[in-house]
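A short write-up of the structure that comes next.
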Amino acid sequence: MAEDLRTERKGLILAVKDLPTLPKVLDEVARLVERSDSSTDEVAKLIAMDQVLSAKVLKMVNSPIYGFPGRISSIQHALVLLGFNVLRGIIVSTSVFEIMSENMVGLWEHSLGVALASSTVARAAGLRDPEEYSVAGLLHDLGKVVATVQLPELKGEIEQAVRTRDLTYIEAEKEVLGFGHDRINAWLADHWKLPPNIKEGLSYHHKPHLAQLYPDMACAVHIGDFMARVFEYGFGGDDNAPYLRPEALKRLKLKPADVEGILDHLGEQFLEISDLSFA
Amino acid sequence: MTTDTDTDASAAGYGFTRTQVVTLLTPDAEFAALMQGLWPTSVMQVTHFTRGRRAIETLFNDPPDLLIVDGELSDMPGLDVVSLVKSENVYRQLPVIYVISQQELESGRDWLAAEIDDFLARPLRPAEVRARVLLTLARASRSFDANPLTRLPGNTSIIHRIQELIDRREDFALVYADLDHFKSFNDKYGFSRGDEVLMMTARVIVNTIRSLPGIRSFVGHVGGDDFVFIVPPEVAEDACQRLVATFDNIVPSFYDPEDRERGDIQSTDREGHLRTFPLMAISLAVVFNRDGSLKHYGEASQIAMSLKKKAKENPKSCYVLDQRRGGSPQHTPGLPG
């Protein structure tokens, strides 16, 4: 692909000003922050279910104006540092998708599923701060959302390629856009000064064996993505058989028995959130 | 300058804590009369000089709260007076309003180079002069002692606020906060990483205090890793508990992954020996003013310093409440367990 076209598209993607979300969580968060007795924990729990709100909160708290760029990877910490005033500002300025497609709703559910699965994997692997793995899992497909908002005409082309030519979503992206959402994630993470471990999870979840700095993060999100697809919780953009890189299991020292334990645990968790809907 | 209670009271009606002193440099007698007629002298005391040179020594010896300089001085360019004042660090914070003609405004000037804080263009209308003067003074008082890093009010504002509460015999809890092992963190990671922690600490204090519903509070930054905040006595302990928990939760994010994993850092101590230091913790010393028990700001800070020593004996985040009436200070661990 021509280098200047790629540069132009990257510029368009990073120029995203108005990132909409789905109305349901937004309404609920708005209601919660207006109440004087809501706790930060309550609000954080809710925001941690919505990839766009979570991304906005982390982008803001890691912006240089607050003075500690790239340090905060927890939604709860972000909310404490931003405070309810700033959070209210984010909430009132967030718009919702004018047309809420079924695929979008599916993607939101998928992201929540991967968040849940990634932290479960991290816990099973004995990693510290499993909530951070949850955040990376939640945001792992953010590039898809931003591309949809900034390059809407190409979104249709990608979906068509997935439907008619039996491509995975990321293969179709590479063909239509010239790059995948993993690359978009890396650009966004740099541009928004997200912490390096989150960036690694976002940009290497399709190729965890190549992650250099925080391979545990990339592997946990990779396995989390796989698990959410196995349980068919939400819709990640294509119906192709999910793949699992054995290197990821090896890196996290997860044995078949551990994987079984994770699957059992996740089965229960997905059942628990099965009535939850973004539509 | 002398101030008695009456003048203070009338200045307070304008939102000032004392009479404001304005130095006006202009050959324009009409403008001087206008300025002197806008406020009672108990609110705004205007000293008028018709020439620039004569005023400079007075300005330097006894800087006013506001300097108004006419561009059309007979003996020297008005901007020279401005740059004389603004080039000295001790006078820089003195706000300057520059008065220019309509033609000068139209012809444009290098506003960025001039180092003035506001301007007035002729013809001078009383309502506009009044608004500009008040706004400039308000702006200067907002920014004058703010900490350059966190923008929180600094020492002068802190002392002023505490003394004001003492004088009004209001009950309050004054909390001194500082960080344990901040120096070793700075030594190992450098000043800019240290500044990140101070910014985080400021934000945690401000938002923790704000999350207590419906109270009046104040947060100030003494400097370095020393902060203070003032809350009603009945919520002080709750505020301290929340603060300790939040700080301990967030601070590991400011270390490199290896140190965070290990839970300590290697850094050189004051004698130059390599030593292991724990992660930073926050120490809080709480002084209460109840039924006018404190008479002076100095008393509060003295009690706080002795409590702080007590708090520092605990290497973990913790708070110590002043229990002067009940005997020795109460030492409280930060978190249960």
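The values are calculated or read from the model by the stated rules, or taken from the named source; none is laboratory data. Bear in mind the structure is a predicted one, so any value in this text is a computation, not a measurement. With ideal geometry, Cβ positions are generated from the backbone for all residues, glycine too; neighbour counts draw on all protein chains shown. Each accessible area value is taken on the protein alone, full model and side chains, heavy atoms only, with ligands, DNA and RNA left out. Shrake-Rupley method; radii C 1.70, N 1.55, O 1.52, S 1.80 Å.
The residues of the stretch B:160-196 listed by number as losing at least 50 Å² of accessible area in the complex, against the isolated chain and with a 1.4 Å probe, are B:E196. Amide hydrogen proximity for B:D145: with H placed 1.01 Å from N in the peptide plane, the residues at 5 or more positions away or on another chain lying under 5 Å are B:G154.
Phi angles of the stretch A:56-69 translate, via the Karplus equation with coefficients 6.51, -1.76, 1.60 and θ = phi - 60°, into HN-Hα couplings of 5, 5, 6, 4, 5, 5, 8, 6, x, 4, 7, x, 9, x Hz per residue; Gly and Pro are given as x. Return the calculated 222 nm mean residue ellipticity for chain B, to the nearest 500 deg cm²/dmol, obtained by summing -39500 (n - 2.57) across DSSP H runs with n ≥ 4 and dividing by the residue count. After summing the helix terms and dividing by residue count, I get -12500 deg cm²/dmol. Note on the protein assembly as shown: Cα-only Rg and Dmax are 30.2, 93 Å.
When only DSSP loop residues count, what trypsin sites (Lys or Arg not before Pro) in the stretch A:13-81 have their Cβ near at most 11 other Cβ atoms within 10 Å? Write out the running numbers ahead of the final one.
Working: sites: A:K17, A:K24, A:R31, A:R35, A:K45, A:K56, A:K59, A:R71; in loops: A:K17, A:R35, A:R71.
Filter output for the stretch A:13-81: A:K17, A:R35.
Rolling a 1.4 Å probe over the protein heavy atoms gives the protein assembly as shown an accessible area of 47 Å² per residue. Model label sites at A:Y243 and A:S95, defined 7 Å from Cα along the beta-carbon direction, differ in position by 3.8 nm. On full extension, the segment bounded by B:D110 and B:H160 gains 14.2 nm, given 0.36 nm per residue less the C-alpha separation. Summed over both chains, the contact between A and B buries some 1500 Å² of accessible surface at a probe radius of 1.4 Å. At a threshold of 10 Å², the residues of the stretch B:227-260 that become less accessible to a 1.4 Å probe in the full protein assembly than in their chain on its own are B:T246, B:N249, B:I250, B:S253, B:F254, B:P257, B:R260.
Annotation: the stretch B:5-143 has a Kirkwood hydrodynamic radius of 15.3 angstrom, from the mean reciprocal C-alpha pair distance.
With the alpha-carbon atoms as the only input, what is the per residue convex hull volume for the stretch B:182-337 in Å³?
Details: hull volume 20.4 nm³, N = 156.
Cα convex hull per residue, to the nearest whole number: 131 Å³.
A simple rule links phi to the HN-Hα coupling: the Karplus curve 6.51 cos²θ - 1.76 cosθ + 1.60 with θ = phi - 60°, which for the stretch B:253-258 gives 4, 8, 9, 5, x, 5 Hz, with x for Gly and Pro.
Computed from point charges on the beta carbon alone (+1 for Lys and Arg, -1 for Asp and Glu), the dipole magnitude for the protein assembly as shown about its Cα centre is near 1020 Debye. Only protein heavy atoms count here; under a 1.4 Å probe, B:V204 has an accessible surface of about 0 Å². Look at the stretch B:197-210: the mean tally of other chain Cβ atoms within 10 Å of its residues' Cβ atoms is 4.
Burial annotation for the stretch A:79-94: residues with an accessible-area loss of at least 50 Å² between the isolated chain and the complete set of protein chains, computed on heavy atoms with a 1.4 Å probe, are A:V80, A:L81.
Per-atom-type breakdown for chain B gives carbon and sulfur 51% of the accessible area (1.4 Å probe, protein chains only). Full extension of the chain between B:R139 and B:E313 gives 58.4 nm of extra length, using 0.36 nm per residue less the Cα-Cα distance.
Restrict the search to the stretch B:18-116; then list the GluC sites (Glu not before Pro) that DSSP places in a loop and that have at most 13 other Cβ atoms within 10 Å of their Cβ.
Answer in residue order: B:E88.
Distant-in-sequence amide contacts of B:I282, defined by a placed amide H-H separation under 5 Å and a gap of 5 or more residues or a different chain, comprise B:D180, B:S317, B:C318.
Please determine, in degrees from 0 to 90 and to the nearest 10, the orientation of helix B:126-143 with respect to the longest principal axis defined by the Cα atoms of chain B, where the helix direction is its Cα long axis. That works out to roughly 30 degrees.
Please give me the summed charge of the neighbours of A:V61: other residues whose Cβ is under 13 Å from its Cβ, Lys and Arg +1, Asp and Glu -1. Neighbourhood net charge equals +4. A:V230: net charge of surrounding residues, Cβ under 13 Å, Lys/Arg +1, Asp/Glu -1, itself excluded? Charge balance near A:V230 sits at -4.
Averaging the sequence gap over all C-alpha pairs within less than 8 Å and six or more residues apart, then dividing by the number of residues, gives chain B a relative contact order of 12 percent.
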